[in-house]
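Here the structure comes first, spelled out in structure tokens, and everything after it is commentary.
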Amino acid sequence: LADRIVFINDRIWVLSDAGKVYILDEKSLKIRNWSSNQNLEFNDIGVFEDQTTYFLTNEGVFVWEDSTDTIIQLNQINNEIGLIDNNSIVYTGGLDGRIRSYNSYKLNQTVNEWTIGSFFQDLIVGKENEIWGATRKGIFRLREEKIKWFNQNNGLPFDNVRAVFSDRNENIWVGTYL
């Protein structure tokens, strides 16, 4: 089964739930694939400013090596969830309840770190390049290095939030556990 299908750099990328990557080159129609001997779970795929394709996984950050049809691990950030914002900053949320940011060119060096104190369920980038995160303690917004919490104390029906979503009108929606 496919976890994610995206179109990047004239290629269709299919990330499977079994740690496999399939690539269809739109120009040559050549299909390539790569399988992990690790139990990789893909959280995000994107392109850095230098056009390198990257993957955020449960085992760290990886990049696609075109010349060898392989994926190379850049670091071992133990994260459950991750994304890249509009400024090519990588954000990851780990089991340790911390969110970390990394410059996309120096992924072995943490730029910033914030203690959230809760397991991450979801992360998205909002309309003003702010980060929204769903946790078991509510949702938070990370904007200009400051965190603001939203939970039952200020309007959510439940604190245990599973998903956060921004619609085309840039409204923020949340999905909670009952």
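What's the carbon and sulfur percent of the chain's accessible surface, probe 1.4 angstrom, rounded to a whole number?
On the way: 4400 of 9870 Å².
The C+S portion of the solvent-accessible surface of the chain is 45 percent.
Where does each of K148, K27, K20, K127 land when they are ordered by accessible area, with a 1.4 Å probe and the largest first?
Output order, biggest surface exposure first: K27, K127, K148, K20.
With springs connecting C-alpha atoms under 10 Å apart, model the chain as a Gaussian network and identify which of R98, R141, R168 has the largest mean-square fluctuation.
Highest fluctuation among the options: R168.
How far apart, in nm, are the 7 Å Cα→Cβ label points at S67 and I31?
Spacing of the two 7 Å Cα→Cβ label points: 2.8 nm.
Under 22 Å from the Cα of K137, which lysines turn up, not counting those fewer than eight places away in the same chain?
Excluding near neighbours in sequence, the set is K146, K148.
For the chain, what is the charge dipole size about the Cα centre, in debye to the nearest 20, if Lys and Arg each add +1 at the Cβ and Asp and Glu each add -1 at the Cβ? Mind dumping the intermediate values first?
Working: 18 positive and 25 negative charges, 82 e Å.
Dipole of the chain, to the nearest 20 debye: 400 debye.
Kindly state, as a whole number, the per residue volume in cubic angstrom of the convex hull around the alpha carbon atoms of the chain.
Cα convex hull per residue, to the nearest whole number: 131 Å³.
I89 accessible area, nearest 10 Å², 1.4 Å probe?
It works out to around 40 Å².
The values are calculated or read from the model by the stated rules, or taken from the named source; none is laboratory data. If you're wondering where the values come from, they're calculated on a predicted model, not measured in any experiment. Please note: Cβ atoms are built from the backbone with ideal geometry, for glycine as well, and neighbour counts cover all protein chains shown. We work out accessible area using only protein heavy atoms, side chains counted, and drop any ligands, DNA or RNA first. Shrake-Rupley method; radii C 1.70, N 1.55, O 1.52, S 1.80 Å.
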